[in-house]
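A short worksheet on the structure shown next.
Bear in mind that the values in this text are calculations on the coordinates, not laboratory data. If you're wondering where the values come from, they're calculated on a predicted model, not measured in any experiment. Using ideal geometry, Cβ is built from the backbone for each residue, glycine included, and neighbour counts are taken over all protein chains shown.
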Amino acid sequence: MGSMETSTVDSLAVNIISVCYTTLTVAFLLLPPARPVIAANMSYTGVVLGFVLVGSTVAWITSGRKHYKGPFVNTDCVPMAG
């Protein structure tokens, strides 16, 4: 293993922790900062998140699917097993 490689168990643990943290953070960001909720104290995070999700989806449908080639994998440097 190289210096930046991790085992499957370590990678899975880090991925689970990061997904849980991101989900928790987004959930708390969507909550209003004060009650009662009025326009002056409303958290507009949900509105911004919605715009980003809709914009990303539209961009993917209109041009991303046609132009995205995926990551370049240099097979010359990968040692063959066996």
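At-a-glance table
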item: Between helix 8-29 and the chain: long-axis angle, C-alpha atoms, 0 to 90°, nearest 10; result: 20 degrees
item: Principal-axis tilt of helix 45-59 within the chain, Cα atoms, nearest 10 degrees; result: 50 degrees
item: Projected label distance in nm at residue 44 and residue 24, using a 7 Å step from Cα toward the beta-carbon; result: 2.9 nm
item: Calculated FRET value between residue 76 and residue 16, using beta carbons and R₀ = 30 Å, to 0.05; result: 0.30
item: With at most 14 neighbouring Cβ atoms within 10 Å, loop chymotrypsin sites (Phe, Trp or Tyr not before Pro) (DSSP) excluded, longest segment of the chain; result: 1-43
